Amino acid sequence: MLLRLVPLAVFLLASGVHAQTPEVRDLPLDDALRDHLVGRYSLTMRDADSPALSLRLFVEVGALLGAINDNDPTRMLYQGDRRFRPEDAPVVLLIAPEAEEARLVVETPDGVMDGVRVGEAAADPATSGPLFEELREMDRTLFDAIFVACDPEAAIALLDADVEFYHDKVGVTRGQEVHDAIRRQAEGCPREQGLVREVILETLLVSPVPGFGAVQMGEHRFIQAEETGRARFAHVWRQTEDGWRVHRVLSIDHRTEE
């Protein structure tokens, strides 16, 4: 993986170079630059006769990941000025191509590698792509209405009239019962109580349901003062002419996060 470098670590560090590396940063990354890098590359060492390596750069849960050959991927941290470092191998520096180029440069302690794009990187639609991003935004809109804006009517507008809510502590509530529960919660305004809901992005998955909508699954945590709770959730979203609506909700495995 560019990145988790086994066996690439041996290849990159064989020279025994131990020069001090600059501070590794994790700067915000522009979507256009991130998406421009996505693809499969063939890496070859300049001025050296060595086998080519395969590098795959792809997007998952909004982050740019890289993987060498068949190794596990790692996140690419943006350093600014079109430069990236793998999260777990700061001795490697990847320099992004200019806008119209399909080449990149990888700097290592042993020398410079040139990367030529040889194909598209297959993305996992469960963790990236238009549907994933659209429902990620719908999740944010729904929970912001409940926990931040404390606007129950805005949240209820995103629910089917016959919505069903399955909860491992409360049981099953349906339709108007769900609406009433949201209104009661808004009276205490979670934001004013210091309660924050945070989706755990690396757990988020989306799967389409042809002819109906999609299922969104993941985990989220609820933070209040020194206490943090965690739970699994699954939302069945129905696609209507007026937009996405929550049809079924599962909220299970509630526990305290240590």
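What follows draws every value from the coordinates through simple rules; no lab data is involved. Everything numeric in this text was worked out from a predicted model, so none of it was measured. Please note: Cβ atoms are built from the backbone with ideal geometry, for glycine as well, and neighbour counts cover all protein chains shown.
Given their separation in residues at 0.36 nm each and the Cα-Cα distance between them, Glu198 and Ala161 gain 10.7 nm when the chain is fully extended. Rounded if a/c is under 1.5, else prolate if a/b beats b/c, else oblate: with a ≥ b ≥ c from the C-alpha gyration tensor eigenvalues square-rooted, which is the range 34-123? Rounded, since a/c falls under 1.5. Loop by DSSP (not H, G, I, E, B), at most 10 other beta-carbon atoms within 10 Å: where is the longest site-free stretch of the chain for trypsin sites (Lys or Arg not before Pro)? Maximal segment without exposed cleavage sites: 47-168. Computed FRET efficiency, Cβ-Cβ of Glu258 and Thr44, R0 51 Å: what is it to the nearest 0.05? It comes out at approximately 0.60. Other residues lying with their Cβ under 12 Å from the Cβ of Leu29 contribute a combined charge of +1, Lys and Arg counting +1, Asp and Glu -1. Charge tally for Arg183 (other residues, Cβ to Cβ under 12 Å; Lys, Arg +1; Asp, Glu -1): -4. Quick one: grab the alpha carbon gyration tensor of the range 146-258, order the square roots of its eigenvalues as a ≥ b ≥ c, and give me rounded if a/c is under 1.5, else prolate or oblate depending on whether a/b is larger than b/c. Because a/c hits 1.5 or more and a/b fails to exceed b/c, the range 146-258 counts as oblate. Overall form of the chain: prolate. Here a/c, set by the Cα gyration tensor axes a ≥ b ≥ c, is 1.5 or more, and a/b is the larger of a/b and b/c.
Placing unit charges on each Cβ (+1 for Lys and Arg, -1 for Asp and Glu) gives the range 77-166 a dipole about its Cα centre, and among Val92, Ala145, Ala157 the Cα reaching farthest toward its positive end belongs to Val92.
Given +1 at the Cβ of Lys and Arg, -1 at the Cβ of Asp and Glu and no other charges, the dipole of the range 102-231 around its Cα centre is 80 debye to the nearest 20. Evaluated with a Cβ-only charge set (Lys, Arg +1; Asp, Glu -1), the chain carries a dipole of roughly 300 debye about its Cα centre, given to the nearest 20.
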